[in-house]
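Visitor: Input: one structure, supplied below.
The values are calculated or read from the model by the stated rules, or taken from the named source; none is laboratory data. In this text, all values refer to a predicted model and were calculated from it rather than measured experimentally. Cβ placement follows ideal geometry from the backbone for every residue including glycine, while neighbour counts extend to all protein chains displayed.
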Amino acid sequence: MTTTLASLIERWDSPEGHPYKGQAIDYASYDGDGESSPTDIGCMCAQGQVMHLFGGWTPRRLKDTKQAILDLESADLLNISISHSILLRSVNDSVDGAPSIVLTNPEKILGPQAQGILAFWLHLDRMTESDWNDARAAWAARAARAASAASAARAARAARDAWAAWDARDAWDARDAWAARAARDAWDASRQEFYDWQFERLVEWLSPEMPEPLPLPDIKGVSK
């Protein structure tokens with residue numbers, strides 16, 4: 001029976017060792033009583049084999065456990081992120097051939113930035129509830145600033161249009177002089193408001209007191 005991750009990956013890479021696809025275990029083809037190991041672990045998917053061999057999960061438990069739990073538990077056993085575990089499952093279920101490439105050569109799946117992506121996934125797993133609340137607050141503040149900028153821009157455009165409309169007519173007539181002055185004052189005020197907003201954003205961006213991004217953790221890698 002396969003006992004190490006290296007030998008399990010070697011099995012996946014062999015023509016006859018590809019894991020089952022579609023669910024944790026093909027219980028209909030399983031030849032045991034629900035507690036004993038199958039004669040051939042090929043009735044289990046990649047995650048299922050990991051859970052059974054390294055986590056001691058019985059075939060019945062694999063069958064009865066929700067997929068989200070399998071994703072989490074297999075990630076812990078393989079020392080990878082939950083997202084990485086989901087990727088292993090997705091490749092196993094949707095791509096012909098062995099899923100081992102997800103663990104041994106993730107660049108072929110994720111591209112040249114694979115290691116950064118894997119590190120970011122681990123970072124997400126390690127975020128606490130407080131971290132997520134801080135992230136939500138930061139995004140909400142960013143959205144509010146964007147809305148403020150859009151509002152200032154709309155006001156500026158409206159005032160500009162009013163000024164253009166005044167300029168296009170014979171506003172030098174004393175009868176319309178007050179409207180011309182009001183339009184110009186509105187345009188000047190809105191333009192100044194917009195410029196002030198841009199300057200404030202620039203100061204925020206350049207401020208040395210702005211917090212640095214959280215450092216990404218080292219890649220855990222695949223346990224051997």
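Visitor: Anything in the range 19-36 that is over 29 Å from the mean Cα position of the chain (by Cα) and surrounded by 15 or more Cβ atoms within 10 Å (Cβ to Cβ)? List them, or say none. Please lay out each step first, then the result.
Guide: In the first step, residues of the range 19-36 are kept if they are over 29 Å from the mean Cα position of the chain (by Cα); the result is 26-36.
Across the range 19-36, the qualifying residues are Asp26, Tyr27, Tyr30.
Visitor: Out of the range 38-70, which residues are farther than 14 Å from Pro19 by Cα and assigned to a helix (DSSP H, G or I)?
Guide: Phe54, Gly55, Pro59, Arg60, Arg61, Leu62, Lys63, Asp64, Gln67, Ala68, Ile69, Leu70
Visitor: If a residue counts only when it is in contact (Cβ under 8 Å) with a residue 40 or more places away in the chain, which helices (runs of 4 or more DSSP H) contained entirely in the range 95-156 have at least 1 such residues?
Guide: On the way: elements: 101-104, 107-110, 114-126.
Ranges flagged: 101-104, 114-126.
Here's the yes/no breakdown for (1) surrounded by 22 or more Cβ atoms within 10 Å (Cβ to Cβ); (2) in contact with a Gly (Cβ under 6 Å, 6 or more places away or on another chain); (3) at pLDDT below 90; (4) not charged (D, E, K, R):
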{"residue": "Glu73", "(1), (2), (3), (4)": "no, no, no, no"}
{"residue": "Asn79", "(1), (2), (3), (4)": "no, no, no, yes"}
{"residue": "Ser83", "(1), (2), (3), (4)": "no, no, no, yes"}
{"residue": "Leu88", "(1), (2), (3), (4)": "yes, no, no, yes"}
{"residue": "Asp96", "(1), (2), (3), (4)": "no, no, yes, no"}
{"residue": "Val102", "(1), (2), (3), (4)": "yes, no, no, yes"}
{"residue": "Ile109", "(1), (2), (3), (4)": "no, no, yes, yes"}
{"residue": "Pro112", "(1), (2), (3), (4)": "no, no, yes, yes"}
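Visitor: Go over the candidates Lys63, Lys108 one by one and state the one that is out of contact with any helix residue (DSSP H, G or I) (no Cβ under 6 Å at 6 or more places or on another chain) and among the basic types (Lys, Arg). Give the derivation first.
Guide: Details: Lys108 fails: out of contact with any helix residue (DSSP H, G or I) (no Cβ under 6 Å at 6 or more places or on another chain).
Of Lys63, Lys108, the one residue that is out of contact with any helix residue (DSSP H, G or I) (no Cβ under 6 Å at 6 or more places or on another chain) and among the basic types (Lys, Arg) is Lys63.
Visitor: For the range 42-74, give me each residue that is among the hydrophobic types (A, V, I, L, M, F, W, C) and touching a residue at least 40 places away in the same chain (Cβ under 8 Å). Reasoning before the result, please.
Guide: Of all residues in the range 42-74, those among the hydrophobic types (A, V, I, L, M, F, W, C) come to 43-46, 50-51, 53-54, 57, 62, 68-70, 72.
Result: Cys45, Ala46, Val50, Leu53, Phe54, Leu70.
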